[in-house]
Amino acid sequence: MELITFILCAYGLTQILVYSDMPAIQKLRPPKESLRGYGKVFHCPMCMGFWVGVLLWGINCETELFNFGYNWMNAFILGSLSSGTSYIGNMVFG
């Protein structure tokens, strides 16, 4: 159940960061015209999904929704899981 909760949280946060029209989020996201370097991450659900997964792994001690061990392999695996499921969710529902 923790894994499903993690996937849904990662998908939701990725969608907000990539597609939100909120002014606060738009200020964080660079314009599409200047997509050099790390700016591409903010327009790609697969790329952003990876970093959202790593972020959620990093803050999982602050929540009771899921609890994963703190080691670099878990960070990589959860980032990859978040990336893949965010991309699939985007293709299915987007």
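The values are calculated or read from the model by the stated rules, or taken from the named source; none is laboratory data. If you're wondering where the values come from, they're calculated on a predicted model, not measured in any experiment. Here the Cβ positions follow ideal geometry from the backbone for every residue, glycine too, while neighbour counts run over all protein chains shown. Please note that ligands, DNA and RNA were not included when accessible areas were found on the heavy atoms of the full protein model with its side chains. Shrake-Rupley method; radii C 1.70, N 1.55, O 1.52, S 1.80 Å.
Taken over the alpha carbons of region 1-90 as equal point scatterers, the Debye sum produces base-10 log I(q)/I(0) values at 0.16, 0.18, 0.23, 0.25 Å⁻¹ of -0.62, -0.76, -1.09, -1.20. The calculated FRET efficiency for the pair residue 21 and residue 71, based on their C-beta separation and a Förster distance of 30 Å, comes to about 0.20.
Ranked by solvent-accessible area (1.4 Å probe, protein heavy atoms only, all chains present), the residues 46, 1, 22 order from largest to smallest as 1, 22, 46. Entry comment: accessible area of the chain is 67 Å² per residue, from protein heavy atoms only and a probe of 1.4 Å. Ordering 20, 5, 30 by the projection of their Cα atoms onto the charge dipole of region 1-53, which places +1 on the Cβ of Lys and Arg and -1 on the Cβ of Asp and Glu, puts 30 at the extreme positive end.
Could you calculate the FRET efficiency of residue 62 with residue 8 from 1/(1 + (r/R0)^6), where r is the beta carbon distance between them and R0 is 22 Å, rounded to 0.05?
FRET efficiency, residue 62 to residue 8: 0.80.
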